[in-house]
1. Can you pull out the residues in the range 306-341 that are polar (S, T, N, Q) and modelled with pLDDT of 90 or more?
2. Exactly one condition in (1) open to solvent by 10 Å² or more (accessible area, probe 1.4 Å); (2) under 26 Å from Ile683 (Cα atoms) is not met by Gly234; state its number.
3. Among the helices (runs of 4 or more DSSP H) contained in the range 145-257, which hold 1 or more residues that are charged (D, E, K, R)?
4. Among the residues of the range 87-143, which ones are among the aliphatic types (A, V, I, L, M), more than 18 Å from Asn74 (Cβ to Cβ) and either outside any strand (DSSP E or B) or out of contact with any Lys or Arg (no Cβ under 6 Å at 6 or more places or on another chain) (or both)?
5. Are there helices (runs of 4 or more DSSP H) fully within the range 374-474 with at least 1 residues that are at pLDDT 95 or above and crowded, with 17+ Cβ neighbours inside 10 Å? List them.
6. Would you mind stating whether Gln618 is modelled with pLDDT of 95 or more and outside any loop (DSSP other than H, G, I, E, B)?
7. Looking at (1) among the hydrophobic types (A, V, I, L, M, F, W, C); (2) open to solvent by 20 Å² or more (accessible area, probe 1.4 Å); (3) in a loop (DSSP other than H, G, I, E, B), which one does Ile496 not meet, given that it meets all the others?
8. Please go through the range 519-557 and give me each residue that is in a helix (DSSP H, G or I), of a type in the set (Gly, Ala, Ser) and open to solvent by less than 60 Å² (accessible area, probe 1.4 Å), ordered by number.
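The values are calculated or read from the model by the stated rules, or taken from the named source; none is laboratory data. Just so it is clear, the structure is predicted and the values come from calculations on it, not from any experiment. Here Cβ is always computed from backbone atoms with ideal geometry, including for glycine, and neighbour counts include all displayed protein chains. All accessible areas refer to the heavy atoms of the entire protein, side chains included, with ligands and DNA or RNA removed. Shrake-Rupley method; radii C 1.70, N 1.55, O 1.52, S 1.80 Å.
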Amino acid sequence: MRMAGKWMLIFTLTIGMMLPSWLMGTKVEAAEDDGLSDLIIFENVPQADVTMEGNEFTLSALNVYEDGHFTKVNEGLVWKSENSNVATVEDDGTVTFTGQPGRAWVTVSNGDFEDRIALDFKPDRSTKGKPNFKPTIKKQDGDRYDLVQHALTNMTMEEKVGQMLMPDFRKWEGENVTEMLPEIEEMVQKYHLGGVILFRENVVTTEQTAKLVSDYQAASEKYGLLMTIDQEGGIVTRLQSGTDMPGNMALGATRSEEIAENVGSVIGAELESLGINMNFAPVMDVNNNPDNPVIGVRSFGENPELVGKMGVAYTKGLQQHGVAATAKHFPGHGDTATDSHLGLPEVPYDLERLKEVELYPFQQAMDAGIDAIMTAHITFPKIDDTKVISQKDGTEIALPATLSKKVLTGLMREEMNYDGVVVTDALNMKAIADHFGPVDAVIRAINAGTDIALMPVGLEEVAAGVYEAVESGEIPMATIEDSVERILTLKLNRGIIKEETPQPIDEKIAEAEKVVGSEAHKAVEIEAAERSITLVKNDGVLPLDASGDEQVVVIGDRFIGDLADAVSAHHSNTTLISTDKSELTAEQKQTVAEADKVIFGTYTYNVYSRSANHPQMQLMQDVMESTDTEVIGVGIRNPYDVMAYPGVDAYIAQYGFRDASFEATAATIFGANNPTGQLPVTIPGTDGGVLFEYGTGLSY
């Protein structure tokens, strides 16, 4: 029997060595155990956020390896409390304060290494009167907790550069990337990428998105990935299965910081559940130029204080769920009439004016602890008058802020005292791509003070070019290390750390499906939309009687079917005329002539579409002039639409084309929603005067 057992053991060991690790039921990372140098409690790390709410929270532990990297670990640990009268700890690190005052030491051990942390339940002396007792964490000191420096000392140059590169994999060979591909996994590892940005093409369903993000993190080598997205809300909404928030200008119209925070919190919760840990939002540009073709309703408004307050509130909501927030587009893209996706805009103002307007919200965001700032591909000649030669046509152009050391280091870092992460706007936008070579643009951006190069053009070429620039001294190694220090600090601060035993994907998907698009989140969306609707003008027309038999006609082009559907839900005797022409057919004219009320929805996105010469505005004017019935105008996207038809009988601004906004507008038209929104922008008249003041907002 002993001999048979011996041969069975040899057979088992031999087969075990031949099988892949996943068939043996072990972690792939188990091979790294020989390099394990320490076990620490994550909350002892200086960059770890230890904000606590309530009397229960969960500690976590990190394995630290000799090569500088660190991973979350939750298996093979023993947690103990040395004073369970004050706080108890469960096997998974969950700590519960009993309510008894004092200090408890909690330790964690894996048999080879041990760490401990102090937990206090003591009076809060910061408040007057009878003090309240509250739980706090007392971090331990020591070099063992300086994970960032430990990593920097051991990372290769290529690994450091990789942390600074953030490509998109929107498409692969012409097809949308909705699942991990071997070629992409290879690139993530080959270039040691620190992050990836996702687009609407990548995030179709909750299940698919959670799986894709999980696979990206599995592909990352050591330090986890910043999984980023532009989930602003409103017209820039990426998640196809998420809750469609009304957008920033709608939030600005509510004047409610509470609503802005709630919206940020919903977006943060949905991203967190999917594993997306960084949002390129909020937009903190001051939209004080009605002709702006790229910001517009993406801004909270034209008032710097309003933009600052709403942006900080939105950010707080995101960060409540551990999602990093990004204020964009520094130093300010609001007062431009050129789209930087298509050209190179200029903001001509001096520093004094910029501090009062454009820079003000960014300073508020910095002071409130914003995680990152995204730069703008815009020239600010009064800040940096450096001239460079365009590769497009050989002409002399001003240096864009994204590539300007005077802007990013001199202004942002030194004058505004910002030490968080700086990320470029997409480097494939024409404002950069037309005038600078792909490698040159990234080298300039890094030397200017950028930490992350977003969407560089040609990852292989750019990576090789940056390696060469570092080796030659064109980019100082100290510059690279400063950026990587900030990136790793952000990752630790937001708990973005590779896990040795990730949550099973089925569990992750099940949790995400409970969160994304939930009824509670829809309720926040509805409230934000209803509170945003702004009744700008009302010559005794509104509200309409939903119970009557009046014939209501809804006219327009883009998204007009959505408006008609929302109106029909309140008033069944509704007819839709959808047209992109400047003139109605004879039959349509007859329908309008027989109507008791006309609702005309206009949709604009640039100066031309808003002008009186545009077909939809010509049609609006014709309808107003040719019918005796009252006409109600709805600015579906931009509140400035009324400039083209100021004589309309009533006008509503709804700021976006998501369902909740259409439903809120229809409810307002029929009196089911009493409008309380206030214009967050001034609407100028065509004569250069003011048509409607900032703050205009009527109610019933």
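1. Just the residues of the range 306-341 that are polar (S, T, N, Q), to begin with: 315, 319-320, 326, 336, 338, 340.
Scanning the range 306-341 gives Thr315, Gln319, Gln320, Thr326.
2. Single failed check for Gly234: (1).
3. Values: elements: 147-154, 157-163, 182-190, 206-219, 248-254.
Where helices (runs of 4 or more DSSP H) fall fully within the range 145-257 and carry at least 1 residues being charged (D, E, K, R), they are 157-163, 182-190, 206-219.
4. Let us first name the residues in the range 87-143 that are among the aliphatic types (A, V, I, L, M), namely 87, 89, 95, 104, 106, 108, 117-119, 137.
Cutting the leftovers down to more than 18 Å from Asn74 (Cβ to Cβ) gives us 87, 104, 118-119, 137.
Scanning the range 87-143 gives Ala87, Ala104, Leu119, Ile137.
5. In the range 374-474, the matching helices (runs of 4 or more DSSP H) lie at 438-448, 459-472.
6. Numbers: modelled with pLDDT of 95 or more: yes; outside any loop (DSSP other than H, G, I, E, B): yes.
Criteria met by Gln618.
7. For Ile496, the failing item is (2).
8. Residues of the range 519-557 in a helix (DSSP H, G or I): 519-532.
Narrowing the set further to residues that are of a type in the set (Gly, Ala, Ser) leaves 520, 523, 528-529, 532.
Within the range 519-557, Ala523, Ala528, Ala529, Ser532 qualify.
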